[in-house]
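Have a look at the structure below, then the notes.
Taken together, the values in this text are just the output of simple stated rules run on the coordinates, not laboratory data. Treat the numbers as computed from the prediction; the structure is a model and nothing was measured. Here Cβ is always computed from backbone atoms with ideal geometry, including for glycine, and neighbour counts include all displayed protein chains.
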Amino acid sequence: MSATRSPSQRQGAAAEDLALEFLRAQGLELLARNVASRVGEIDLLMRDGGAWVFVEVRSRTNPGYGGAAASVTPAKQRRIRLQAQFMLQRQFGSGSWPACRFDVCALDGASRQTGQITWIRGAF
C-alpha cells in the first residue's frame, strides 16, 4: 500500500507514527486513527483519562510559511470539529458525551528528523 502513496502522504504517515508513539509515552490511549467522512478527518483519536482527545498532526519542512502548528487554519479547525461531532453523535447519540479536547502535534524542520514534537494541548 505504501508504494501507491505520494511522498507527502508517506511523510504525513511517518509524522503520525511519531506523534502516536509520543502520546502513548505520555499515557494516552489510542482509540482510532485516520477516521474520515465527508465532513473531515481526525488523524488520531486518543483517550486521556476519561476525555477524548482529537489530535491533528502537522509536519512542515519549511518554516517560511509559519510552521506546522500555524498550518492548522480556522477552516481546518472547523472540519476537525465537524468530524468530531459526527463521531461523537455516531458513538453516543444524544446521550452524554465524554469531555473532549483538540490537540495539535507539530513537527517542524529539523525536529522532524529527530522526532521532536511540539504538543499543544487544547489548541483550539
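Brief remarks on what is shown
- Each Lys and Arg contributes +1 and each Asp and Glu -1, all at the Cβ; summed about the Cα centre of the chain, the dipole is approximately 360 debye.
- Other-chain or far-sequence residues with amide H under 5 Å of residue 39's (modelled H): none
- Based on C-alpha pairs under 8 angstrom that are at least 6 apart in sequence, the chain has a relative contact order of 24 percent.
- Positive dipole terminus of the chain, leading residue within 106, 4, 49 (C-beta point charges): 4
- Integer Hz, Karplus 6.51/-1.76/1.60 couplings in order for segment 79-86, x for Gly and Pro: 5, 5, 4, 4, 5, 4, 4, 4
- In sequence order, segment 26-35 has phi-based couplings of 8, x, 7, 10, 6, 9, 6, 9, 6, 8 Hz under the Karplus curve 6.51 cos²θ - 1.76 cosθ + 1.60, θ = phi - 60°, and Gly or Pro positions carry x.
- Computed from backbone phi, the HN-Hα couplings of segment 70-78 come to 5, 7, 8, 6, x, 5, 5, 4, 4 Hz, rounded to whole numbers (Karplus: 6.51 cos²θ - 1.76 cosθ + 1.60, θ = phi - 60°; Gly and Pro given as x).
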